[in-house]
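Right, one structure below, let's go through it.
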Amino acid sequence: MKIAIIGLSNSGKTTVFNALTGMNIEATVYATVTGEPNIGVVKVPDARIDTLSGIFKPKKTTNAAIEYIDYIGLTKGDVKQNRKVFDLIKDVEAIVHVVRAFDEESVIHPLGNTDPTRDIETLELELIFGDLDLVEKRLARMQESQKKSGKKPDESEKKLLLKCQEFLMKETALRDVEFTEEELKAMRALQFMSTIPKVIVLNISEKDLASDHAKDLRSSVPERHQSIPVLTLCGKIEMEIAQLPPEEKGLFLEELKIDEPASNKLINTCYQMLGLISFLTVGEDEVRAWTIRKGTDAVTAAGKVHSDIARGFIRAEVISYADFISSGTMQAAKEKGLLRLEGKTYEVKDGDIINFRFNV
């Protein structure tokens with residue numbers, strides 16, 4: 001899964017990137033319009049994988065993984081500059097919008113002062129304007145092509161583009177618009193930015209960690225964004241935590257009264273927002289977690305492991321993680337009747353341990 005970390009310049013997004021990945025990328029105190037993207041891959045914490053690895057002692061243990069991408073800050077009113085960012089992150093599954101909610105004189109805010117409400121709206125509008133620019137250019141190309149060839153454009157695509165244009169001109173993000181399944185399928189190729197699910201991260205100062213101000217800041221989220229998940233964290237502190245040895249992290253979190261690291265919170269939030277779950281495969285060679293969407297059937301899940309398994313699917317041997325742990329071994333689970341055979345249409349559940357039977 002790919003997640004993009006975006007925000008206005010000096011919002012602390014690179015610091016948040018460091019907090020999520022455990023990396024130590026230098027964060028500048030001035031706005032930059034060029035540079036290379038920062039990319040970090042993080043294991044998705046899963047206690048079930050740790051337990052199963054202890055039982056099966058495999059040659060390899062593979063957690064699900066998330067790839068975070070951090071690039072230059074977005075600039076208010078500069079569609080051309082922002083397109084550099086959009087082109088890089090257009091295929092991500094989710095966006096993390098870092099909003100500056102801290103005051104620091106040495107770090108200049110590009111819009112003059114700290115105002116989370118304004119900044120949330122500003123960045124959302126940049127996503128919308130970027131999509132509107134894309135729609136208008138595509139409509140212009142269709143018209144130009146019709147003039148040259150004399151052929152009528154694809155009416156279904158034109159109708160969809162005009163529908164998108166209508167809402168975008170009203171400053172409505174496309175994720176808040178109702179589309180048919182057919183329209184959504186056609187829109188995937190267009191890779192609109194404002195359709196991508198989003199999490200808002202309010203980046204607060206250390207002094208606000210234990211204060212009511214952190215809670216009050218949630219009211220700064222504009223009403224039209226109330227359905228978007230919101231997390232509050234101090235990027236600077238979370239970055240320090242991410243770089244501590246494992247044995248010291250717990251004590252530091254307890255001292256600061258932080259219940260869990262930001263990296264874990266964000267992963268859980270993204271999984272819930274995107275409707276993601278994990279099924280597990282076990283054996284002497286590998287214990288592994290596989291990420292799928294809720295509602296995925298067994299044959300589609302098999303295809304995540306290998307296309308040949310989906311093609312030659314016969315049955316799936318399934319047991320829930322809880323039932324396996326209570327049984328102790330697969331043999332004991334089989335004797336209790338807890339290990340069952342499921343067909344292609346079985347809806348895979350979170351924590352299912354699956355062995356796929358197939359023949360190619």
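Hydrodynamic radius of segment 150-287 by the Kirkwood approach over all distinct alpha-carbon pairs: 19.0 Å. Annotation note: GluC sites (Glu not before Pro) in segment 106-157 located in DSSP loop regions with a Cβ neighbour count of at most 16 within 10 Å are absent. Taken over segment 65-222, the convex hull of the Cα atoms encloses 149 Å³ per residue. Each listed q (0.07, 0.08 Å⁻¹) maps to a log10 I(q)/I(0) for the chain, found by the Debye formula over equal Cα scatterers with no solvent: -0.39, -0.50. Across segment 120-251, Cα pairs under 8 Å and at least six residues apart give a relative contact order of 24 percent. Quick check on segment 39-95: take the gyration tensor over C-alpha atoms, sort the square-rooted eigenvalues as a ≥ b ≥ c, and tell me if it's rounded (a/c under 1.5), prolate or oblate. Judged from the Cα gyration tensor, segment 39-95 comes out prolate (a/c at least 1.5, a/b above b/c).
Our note on the geometry: Cα centres of segment 73-129 and segment 190-266, 17 Å apart. Every Cα-Cα pair in segment 90-134 was counted, and those over 14 Å apart are 60% of them.
Taking the Kirkwood radius as Rh and the Cα radius of gyration as Rg, segment 111-177 has a ratio of Rg/Rh equal to 1.16. Extension gain for E342-E254 works out to 27.2 nm (0.36 nm per residue, less the C-alpha to C-alpha distance).
How many angstrom lie between the Cα centre of segment 138-163 and the Cα centre of segment 278-313? What the calculation gives is 41 Å, centre to centre. Evaluated at q = 0.16, 0.18 Å⁻¹, the base-10 log of the normalised Debye intensity for segment 273-348, with identical point scatterers placed on the Cα atoms, takes the values -0.63, -0.80. Summarising the label geometry, the points placed 7 Å from Cα in the beta-carbon direction at S156 and T329 lie 5.6 nm from one another. From the P(r) of segment 225-360, can you give the percent of Cα pairs sitting at distances over 27 Å? Within segment 225-360, distances greater than 27 Å cover 42 percent of Cα pairs.
Using every Cα-Cα pair within segment 1-129, state what percent have a distance larger than 17 Å.
Details: 5072 of 8256 pairs.
So the portion of pairs separated by more than 17 Å is 61 percent.
Can you divide the C-alpha Rg of segment 193-236 by 2.2 N^0.38 Å and report the result to two decimal places?
On the way: Rg = 11.7 Å, N = 44, 2.2 N^0.38 = 9.3 Å.
Here the Cα radius of gyration is 1.26 times the empirical estimate.
How much length is gained if the chain between K148 and F56 is pulled fully straight, taking 0.36 nm per residue apart and subtracting their Cα-Cα distance, in nm to one decimal? Please report the intermediate quantities before stating the final value.
Working: separation 92, 0.36 × 92 = 33.12 nm, distance 6.55 nm.
26.6 nm is the gain from fully extending K148 to F56.
Full extension of the chain segment joining K43 with A65 gains 7.5 nm, where the gain is 0.36 nm per residue of separation less the Cα-Cα distance.
We did not get these values from a lab; they are worked out from the coordinates using the rules stated. A quick note: this is a predicted structure, and the numbers were derived from the prediction, not measured. FYI the Cβ positions are ideal-geometry reconstructions off the backbone, even for glycines, and counts take in every protein chain you see.
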